[in-house]
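Engineer: Mind looking over this structure? Questions follow.
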Amino acid sequence: MTRLKTKIESQKKLIAIVGPTSSGKSDLGVFLAKQFQGEVISADSRQVYRGLDIGAGKITKKEQKGVPHHLLDIASPKQTFSVARYQKLANKAIQTIQQRGNTPFLVGGSPFYVYTVCDGLILPEVKPNAVLRARLEKYSAQELHEMLKELDPVRAHSLQDSSGQDKNKRRLTRALEIVLETGKPVPPFCSSLPLFSALFIGIDMLRETLLNRVHSRLIKRVRGGMVAEVKKLHKEGLSWKRMEELGLEYRWMSRFLRNKISKEQMLLKLEQDTMRFVKRQLGWFTKDKRVHWVSNKNEASCLVASFLLNQ
RNA sequence: GGGUCGGUGGCAGAGUGGACAAUUGCACGUGGCUGUAAACCACGCGGCCUUGCGCCUACGGGGGUUCGAAUCCCUCCCGGCCCA
C-alpha cells in the first residue's frame, strides 16, 4: 500500500480537459498551456486524421497561438485508426513533453481515448484482422454469439443482455478476433497502475447554451467551406462508405453530396446527431467523480495552479 | 355552392367491426461499450398504480347502430383536389 502510494505521488502530472463538443475545450487548452508552460495532446478520434479539418473542428495553426499540439494529423483517413494506437502515441508524447519539463494538457472530447490514456486501460494485444472481420460479417449476431459461447463462454456470458443475447456484431466480432488469434479467452478488463496523476477539468455549460453553440458553429462552418472540404476529400479518394463510418459531419454531408437528402435535412440531422453525441460524452464525464467542473477560465487556472504547486 | 378524398399518439404514416393503448419510421429519453468509440448496440416512449396479460382516458367534435367501434351510419368542424 505504501509502495503504491509513493509510486503515485512520484508520478508526473497530467491535466485532462474534457467536455462535450463545442464547449470550448481547445480554447481553454491553449489558454492554460500558455499560462503554465504546457503543450497540448489532442484526445479526439477524428482530429487524428489528415484533411479532416473543418468538419472535425480541428484547431487552426493560428488558434494554437504557438502552443505545441500533438496527435493532430497523424493518420490517413482512408485507414482506420485505433484507440490502442492512440494510447501508445499519447503516452509517448506525454513522456516527451515531461522530459522537456513542460506540462502535458490532454484536451479532447473522445471519452474512450481520454480514459484509455488517463486510466492506462490494458487492451488485448490483438491487431484488427480485416480478413477475419470480413468473414465474420456474413454471420448474424446470434450466430456470432453462438460461436463465442463455444470458444469463450465467460466472455459470451458477460456480453449478453437480459434476454441472453448480444446484438452488437462489432463487439462480438472483436471478441472472436481476440479468441481466435490468441487461442485463449478474452482477458478480464483491467488497467495498469496509473502512469501519472491526472487533474480532470470539465467545462460546465447548460445544455441549452450548448445547443446554441452547436447550432451557430454549424452554420459558421458550413459558410467556412465545410461542404467543400468533404467534396475535396471524396475527390482525393475517400469513399462514401468511409465517410459514413467517420460519422456526424462526414456522414451527413456525404449524404447531402450524394443527393440523398436536402441541405435543410442535412443541417437538421447533423445538429440532432451532434446533440446526441453531446449527451453520450456527458454520460461518461459526469459519471466520473474526478472531474472538476468549471464555468470560466479563471476557475480552471486556479485549479491547475494548486494542482501543480501541490508537491 | 356542388362533388370527392381525407382528419390516428411530438411528427410522418399503418390499421378499416373484437386478439388495439394501437404495426413501423423519425424525434425524444435511459443505458451499455475490452484496438472501428463522432463508431457500434440495447431498452423505454398516453396516464395511474398494488406492475396485473390491472385500471382509466384515447384514433377531429357530437350523436347513433352493436354484446363490442379508430374501424359502420348521421351530423357538425377542419384540410387537399376537382367542378362551378
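Please treat every number below as a calculation from the coordinates, not as lab data. Note that the coordinates shown come from a computational prediction; the quantities given were computed from them, not determined experimentally. Note: ideal-geometry Cβ built from the backbone for every residue, glycine included; neighbour counts use all protein chains shown.
Engineer: Pull up all non-local amide H partners of A:ASP166: gap of 5 or more, or a different chain, and H-to-H distance under 5 Å with H placed in the peptide plane.
Structural biologist: Under 5 Å from the amide H of A:ASP166 lie the amide H atoms of A:ASP161, each far enough along the sequence or on another chain.
Engineer: At q = 0.11, 0.13, 0.20, 0.24 Å⁻¹, what base-10 log of I(q)/I(0) does the Debye formula yield for segment A:216-281 when every alpha carbon is treated as an equal point scatterer in vacuo?
Structural biologist: -0.24, -0.33, -0.78, -1.09
Engineer: Considering only DSSP beta bridges with both partners in chain A, what is the antiparallel share in %, to the nearest 5?
Structural biologist: 5
Engineer: Write down the radius of gyration of chain A and its Dmax, each obtained from C-alpha positions, in Å.
Structural biologist: 20.9, 64
Engineer: Still on this structure: From the phi of every residue in segment A:284-289, what ³J(HN,Hα) in whole Hz does the Karplus formula 6.51 cos²θ - 1.76 cosθ + 1.60 yield, where θ is phi - 60° and glycine or proline is x?
Structural biologist: Once rounded to whole Hz, the list reads 5, 6, 6, 6, 7, 5.
Engineer: Hey, another quick one. When N is the residue count of segment A:130-182, what does its C-alpha Rg come to as a fraction of 2.2 N^0.38 Å?
Structural biologist: So segment A:130-182 has a normalised radius of gyration of 1.01.
Engineer: With unit charges on the beta carbon (Lys/Arg positive, Asp/Glu negative), name the residue among A:SER197, A:ASN168, A:VAL48 whose Cα is farthest towards the positive pole of the charge dipole of chain A.
Structural biologist: Positive-most Cα among the choices belongs to A:VAL48.
Engineer: Give me the aspartates and glutamates in straight-line cross-link reach of A:LYS269: C-alpha distance below 18 Å, same-chain residues under 8 apart excluded.
Structural biologist: Cα-Cα hits under 18 Å: A:GLU208, A:GLU244, A:GLU245, A:GLU249.
Engineer: Over segment A:183-311, with a single point scatterer placed on each C-alpha, what log10 of the ratio I(q)/I(0) does the Debye formula yield at q = 0.10, 0.15, 0.17 1/Å?
Structural biologist: Reported log10 I(q)/I(0), two decimals: -0.55, -0.91, -0.97.
Engineer: Using the Karplus curve 6.51 cos²θ - 1.76 cosθ + 1.60 with θ = phi - 60°, what ³J(HN,Hα) values do you get for each residue of segment A:20-31, in whole Hz, with x for Gly and Pro?
Structural biologist: Per residue, the Karplus-derived 3J(HN,Hα) values read x, 4, 6, 8, x, 5, 4, 4, 5, x, 5, 4 Hz.
Engineer: For chain A, with only Lys/Arg (+1) and Asp/Glu (-1) charged at the beta-carbon, what is the dipole magnitude about the Cα centre, in debye rounded to 20?
Structural biologist: 700
Engineer: Which trypsin sites (Lys or Arg not before Pro) from segment A:129-190 combine a DSSP loop assignment with at most 16 other Cβ atoms within 10 Å?
Structural biologist: Loop-located and lightly packed - A:LYS138, A:LYS167.
Engineer: Can you work out ³J(HN,Hα) from phi for every residue in segment A:199-204, in order, using Karplus 6.51 cos²θ - 1.76 cosθ + 1.60 and θ = phi - 60°, giving whole Hz and x for Gly and Pro?
Structural biologist: Each residue of segment A:199-204 in turn: 9, 9, 10, x, 8, 8 Hz.
Engineer: Scan chain A and report its longest stretch carrying no GluC sites (Glu not before Pro) that are both in a DSSP loop and have at most 14 other Cβ atoms within 10 Å.
Structural biologist: No qualifying site falls inside A:138-235, the longest such stretch.
Engineer: Using only the Cα atoms of segment A:58-167, what semi-axes does the equivalent ellipsoid have when each is the square root of 5 times a gyration tensor eigenvalue? Give whole Å, largest first.
Structural biologist: The three semi-axes for segment A:58-167 are 37, 16, 13 Å.
Engineer: Anything over 18 Å Cα to Cα? Flag those among A:LYS25/A:LYS62; A:LYS169/A:LYS287; A:LYS138/A:LYS167; A:LYS138/A:LYS169, in the order listed.
Structural biologist: A:LYS169/A:LYS287
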